[in-house]
Amino acid sequence: MSWDRSKGRPEPIRALNRIIELENGEPLVSLADYAPSVIIKRPSVIPFLRLQVAQKLEIAAQNLPPGYKIGVVDAWRPFERQVKIWNWFYGSLEKVRPDLNFAAKRRIVCRFVAPVDQKAPPGHTTGAAVDVWLLDADGNEVDVTSPFERLAGAPTYVYGLTETADRNRSILVMAMLKAGFSNCRDEWWHYSFGDAGWAVRMDETTCIYGRIDLDPGLYKDQDDEWNVRLLSRINPFLEAGAPGQARPKPNP
């Protein structure tokens, strides 16, 4: 895949596991209360983040130029959901590339989903990570990916974006970074503050958030919706969007 490797910082699992966790006990808070300017874009989103993270997300939303909004497509995530996501990605890759050995498949999957068997907990399970889209004033998704489809345009600094997509992506990236987030350079939509991923990207040796859990009763409806959506998801490793095969959208 062709992308600018001079920007962002890699975050190998071994580096994440070296981060010392100094949990500060900060609570998960409602985005409706602490980030009222953002739009919850999917009914499966569990709308909670750590206090400082939610506050920074509101700052990012306020940093956007007029006519733009931030849409949240994932926030805090229960560990059980994280396990299901990892297994689904692995199974999807297995269907497309059964020829690869386990180690190769794991490396590919871990580019897009944090593993669940490591010392460092996945960012979303700490309440420190959030996945966002750029929206227009009416709440419609703004183009930040053309001419690519699916995972082909996932790296934040991928080459070959159209002028419009590149401009829009830059608006989102700059607003989030200015608010104090760090970005996973493999995923233009993924940002965090205070977790192990943030610490690695910011050259810190400690992080302030570890795994945190909520009463499942507080998110039963969102979990039911998410489980239904999982059944209809398109395999992200199909040819047009497979990692390592950045291909433009076909002409209509």
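Which residue fluctuates the most in the chain, going by a Gaussian network model with Cα springs under 10 Å, if the choices are LEU230, LEU177, LEU93?
Judging by the Gaussian network model, the answer is LEU230.
Just for the Cα atoms in region 1-66, what are the lengths along the principal axes, largest first, rounded to whole Å?
Rounded to whole Å, the extents work out to 36, 34, 24 Å.
Quick check on the exposure proxy: order VAL96, VAL38, VAL228 from fewest to most C-beta atoms within 10 angstrom.
Listing VAL96, VAL38, VAL228 from fewest to most nearby Cβ atoms yields VAL228, VAL96, VAL38.
Anything over 29 Å Cα to Cα? Flag those among LYS7/LYS56; LYS7/LYS69; LYS56/LYS220; LYS7/LYS105; LYS69/LYS105, in the order listed.
LYS69/LYS105
Given that compact globular proteins tend to follow 2.2 N^0.38 Å, what is the ratio of the alpha-carbon Rg of the chain to that value?
Dividing the Cα radius of gyration by 2.2 N^0.38 Å gives 0.97.
If neighbour count is taken as other Cβ atoms inside 10 Å, put ILE19, ILE234, ILE13 in order from fewest to most.
ILE234, ILE13, ILE19
Of ASN17, ALA196, GLY160, which is farthest on the positive side of the dipole of the chain, counting Cα position, with +1 on Lys and Arg Cβ, -1 on Asp and Glu Cβ, and the Cα centre as origin?
It is GLY160.
Can you give me the Cα centroid spacing of region 114-137 and region 1-41 in angstrom?
When both Cα centres are located, 6 Å separates them.
Using a 10 Å cut-off around each Cβ, can you sort ARG18, ARG211, ARG233 from fewest to most neighbouring Cβ atoms?
Fewest-to-most Cβ neighbours within 10 Å comes out as ARG233, ARG18, ARG211.
Computed from the coordinates by the stated procedures, all read-outs in this text should not be read as laboratory data. This structure is a prediction, so every number in the text was calculated from the model and none was measured. Counting neighbours? That spans all protein chains shown, and the Cβs are built from the backbone with ideal geometry, glycine included.
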